[in-house]
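Asks: Below is the structure I would like to discuss, written out as structure tokens.
The values are calculated or read from the model by the stated rules, or taken from the named source; none is laboratory data. In this text, all values refer to a predicted model and were calculated from it rather than measured experimentally. Here Cβ is always computed from backbone atoms with ideal geometry, including for glycine, and neighbour counts include all displayed protein chains. Surface areas here come from the heavy atoms of the whole protein model, side chains and all, with no ligands, DNA or RNA. Shrake-Rupley method; radii C 1.70, N 1.55, O 1.52, S 1.80 Å.
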Amino acid sequence: MSIYFDFLNKNKDFAELKKNIKGNITPVLTAGVIDTQKSHIISALSHELDRSSLIITNSELKAKEIYKDLKFFLKDKVQLYPSKDIIFYWADVKSLDIIKERFEIISKLVKGEKTAVVLSVEALFDRLVPKEIFENFIVNIKVGDRLDIQELCRRLVLMGYERCDMVEGQGQFALRGGIFDIYSSVSSNAVRIELWDDEVDSLRILDTVSQRSVENARELTIYPMRELVYNEEDIENAIENMEKELSSYKNAPDKIKLTINEVTERLREEKSFSGVEKYTQYFYDNTVTLLDYFNDDP
């Protein structure tokens, strides 16, 4: 693919553009470039500067078009970050595909991997918890580690996982004696943790159909099943903020009162439920965007 980039490097205007970006003489306006050439230039800049890129456009449809063009040049080094649709906020059943796609990108950024991310301005405005808080909810497990399995189960519920008798899909975990099965949000397979007392004796890839382990795994990284992560203290803060806001409205409609009462009751009893992301602002005063998850200077 270097032939396409070599061609641009011979262009004095592109050399000037690259020089300005390297020297942080920005913003830079590039005019007179058709859509296909834009993708060519963006790809060349990402390749030549060896930095992550964030490509923002006006709609989800346009983001998909740009992503397809960039895919030709950058292969697996470009990702499409989908926006949350109406279902994500209001329905009980959310698109696991959207969750997985977004988490795959978030996981790359958390690990500091260089990548090009394409998104719509709508997706950029999606609010996320601060990166340092999200990182605290990523669980890494290796053979030989000692686990407090009950504490892990409690934590997974707060991360959006469902405890069940048998793991059959993403977002589920099961505990039977010294065997712990988990299907993480960004994993293509479930993983079985075999315990000897409180020590991890082995990690194995699990066939969810036959429920048999098929091969060994070196380590396991468990990401949350939703972007809103919190602990028990955060739950109390959220409940307090909801009740405080409700009390500030003297003539609040009965429907709003009923909704808030139902939410606070479910948080106290269940700790986690589908659709809790709608109340992110009550858990954290300071939320961020995906841009804040980039480590380097994109």
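Asks: How far apart, in nm, are the 7 Å Cα→Cβ label points at Glu199 and Arg268?
Replies: Here the modelled spin labels are 4.4 nm apart.
Asks: Still on this structure: Can you show me the helix-derived [θ] at 222 nm for the chain, built from DSSP H runs with n ≥ 4 at -39,500 (n - 2.57) apiece and divided by the number of residues, rounded to the nearest 500.
Replies: Computed ellipticity for the chain at 222 nm equals -12500 deg cm²/dmol.
Asks: Taking 0.36 nm per residue of sequence separation and subtracting the Cα-Cα distance, how much length would be gained by fully extending the chain between Thr30 and Val143, in nm to one decimal?
Replies: Length gained between Thr30 and Val143: 35.5 nm.
Asks: Another question, then. In cubic angstrom, how much convex hull volume per residue do the alpha carbon atoms of region 165-225 span?
Replies: 82 Å³
Asks: Give me the percent of DSSP beta bridges within the chain that run antiparallel, rounded to the nearest 5.
Replies: Given both bridge residues lie in the chain, the antiparallel proportion sits at roughly 70 percent.
Asks: A follow-up question, please. So how much slack lies between Lys75 and Ser59, counting 0.36 nm per residue of separation and subtracting their Cα-Cα distance, in nm?
Replies: Gain in length upon complete extension: 3.5 nm.
Asks: Further, regarding this structure: With a 1.4 Å probe and every protein chain kept in, tell me what percent of the accessible surface of the chain is carbon plus sulfur.
Replies: With neighbouring chains kept in place, the figure for the chain is 49 percent.
Asks: Go ahead and run the numbers for FRET between Asp165 and Ile98, Cβ-Cβ distance against an R0 of 22 Å, rounding to 0.05.
Replies: 0.20
Asks: Just list whichever of Lys22/Lys75; Lys250/Lys271; Lys64/Lys142; Lys10/Lys77; Lys250/Lys278 have alpha carbons separated by over 32 Å in the model shown.
Replies: From Lys22/Lys75; Lys250/Lys271; Lys64/Lys142; Lys10/Lys77; Lys250/Lys278, over 32 Å: Lys64/Lys142.
Asks: A further question follows. Can you quote the Å³ per residue value for the convex hull of the Cα atoms in the chain, rounded to an integer?
Replies: Measuring per residue, one finds 173 Å³ for the Cα hull of the chain.
Asks: When N is the residue count of region 95-170, what does its C-alpha Rg come to as a fraction of 2.2 N^0.38 Å?
Replies: 1.33
Asks: Placing one identical point scatterer on every Cα of region 182-298 and ignoring solvent, what is log10 I(q)/I(0) from the Debye formula at q = 0.10, 0.21, 0.22, 0.23 Å⁻¹?
Replies: At q = 0.10, 0.21, 0.22, 0.23 Å⁻¹ the computed log10 ratios are -0.53, -1.11, -1.16, -1.21.
Asks: Go through Tyr67, Tyr81, Tyr284 and list them by solvent-accessible area, largest first, probe radius 1.4 Å.
Replies: Tyr67, Tyr284, Tyr81
Asks: Another question about this same structure. Measure off 7 Å from each Cα along the Cα-to-Cβ vector at Lys250 and Val110, then give the distance between these two points in nanometres to one decimal.
Replies: Between Lys250 and Val110, the simple spin-label model gives 4.6 nm.
Asks: Kindly report the accessible area of the chain per residue (heavy atoms of protein chains, probe 1.4 Å, no ligands, DNA or RNA), in Å².
Replies: 57 Å²
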